[in-house]
Amino acid sequence: IPVCSAADRPLWEFGLGAGAVAFADYRGADSAQVYPLPVPYFVYHGKMFRADRDGVRGTLFNTPVVEFNVSLDLTTPVNSRNSDARAGMPDLKSIVEIGPSLDIHLWRSSNERLRLDLRIPVLKAYTIERQPHATGWLVAPRLNLDLRNIAGHSGWDLGMFIAPLFADRQYHDYFYSVAATFAEPGRPAYQAAGGYSGTELLVSATKHFRNRWFGAFVRYDTLAGATFLDSPLVRSHSYWAGGFGVAWLIGSSRQIVADDY
């Protein structure tokens, strides 16, 4: 693996490892699952496409103040047999959420070790199955703070964000509506409306060693004030989630690019 100065980094790096995440079955569920996961580690710092600690994205437009990217996110599937609230209802498929993101660079410290950004992704959701179908729109503006080389410890990075969520009726319907066919005592028929979906707060930490990478996160999710709060499928108004991963670097590019953080 090439040795880079603090201001440089390889164009790409890849590796493989393992980790685990713990999530509620869906936002508002009172059941949760732990997922052991392989951790494919891939970092790419191209001009038009990037994969790094901020996720996978394609850069469509970039200035010192504004970036226009393509954002991507995923949800985990839900087996209704494992959820008392959804017993007898169809399973929830995993969903891919993809769309443009307007990223505004609000502030940078003089040494570039702190940065404050506002990221506004507008995402269209689709089920992941043989015949995918659309499940609505989601908007998740994030106020994001990144701290690099925490307390002078090289390679230790901290990120945190707060994100109020908003979604249309179709998106909420997929998770929180109860059709008359599936209504029963204790679970009346319910039609979800669009609007405010609650707020997420997340803190993550990563450490890049010479030949391995470590990352962990913890997330707090509150549904206070959400439009679907009275759905019979909502059993919890808040929850914690978290996860970690370790990956060993297998190879990296000999081409070195400037670290623009």
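Where nothing but the Cβ of Lys and Arg (+1) and of Asp and Glu (-1) is charged, how large is the charge dipole of the stretch 51-189 around its Cα centre, in debye to the nearest 20?
40
About the Cα centre, and with charges only on the beta carbon of Lys, Arg (+1) and Asp, Glu (-1), how big is the dipole of the chain? Nearest 20 debye, please.
About 480 debye.
Before rounding to the nearest 500, sum -39500 (n - 2.57) across all DSSP H runs of length at least 4 in the chain and divide by the residue total; then give [θ] at 222 nm in deg cm²/dmol.
Calculated at 222 nm, the ellipticity per residue is -1000 deg cm²/dmol.
Using alpha carbon centroids, what distance separates the stretch 128-198 and the stretch 17-31, in Å?
Cα centroid to Cα centroid, the span is 13 Å.
Give me the mean projected area, in nm² to one decimal, of the convex hull enclosing the Cα positions of the chain. Please list the in-between numbers first.
Details: hull surface 58.2 nm².
Averaging across all directions leaves 14.6 nm² for the Cα convex hull.
Using a 1.4 Å probe on the protein heavy atoms, what percent of the accessible area of the stretch 84-178 belongs to carbon and sulfur?
Answer for the stretch 84-178: carbon and sulfur cover 61 percent of the accessible area.
Over the chain, give the accessible area per residue in Å² for a 1.4 Å probe, as an integer.
Heavy-atom accessible area per residue stands at 52 Å².
Let me check against my output: what whole-number percent is the relative contact order of the stretch 97-140, with C-alpha pairs under 8 Å and at least 6 apart?
Averaging sequence separation for qualifying contacts and normalising by length gives 35 percent for the stretch 97-140.
How much net charge surrounds GLY198 when only the other residues with a Cβ under 13 Å from the Cβ of GLY198 are counted, with Lys and Arg +1 and Asp and Glu -1?
Working: positive: ARG27, ARG219; negative: GLU200, ASP221.
Net of charged neighbours comes to 0.
Please name whichever of GLY242, PHE228, LEU16 sits farthest to the positive end of the charge dipole of the chain, dipole taken about the Cα centre and charges placed at Cβ: Lys and Arg +1, Asp and Glu -1.
Value computed over the given set: LEU16.
Please compute the contact order of the chain in relative form: average sequence separation of alpha-carbon pairs under 8 Å and at least six residues apart, divided by the residue count, as a percent.
22
The values are calculated or read from the model by the stated rules, or taken from the named source; none is laboratory data. Bear in mind that the values here come from a model prediction, so they are computed numbers and not experimental data. When we count neighbours, we look across all protein chains shown, and the Cβ atoms used for this are built from the backbone with ideal geometry, even at glycine. Note: areas computed on protein heavy atoms with side chains; ligands, DNA, RNA excluded. Shrake-Rupley method; radii C 1.70, N 1.55, O 1.52, S 1.80 Å.
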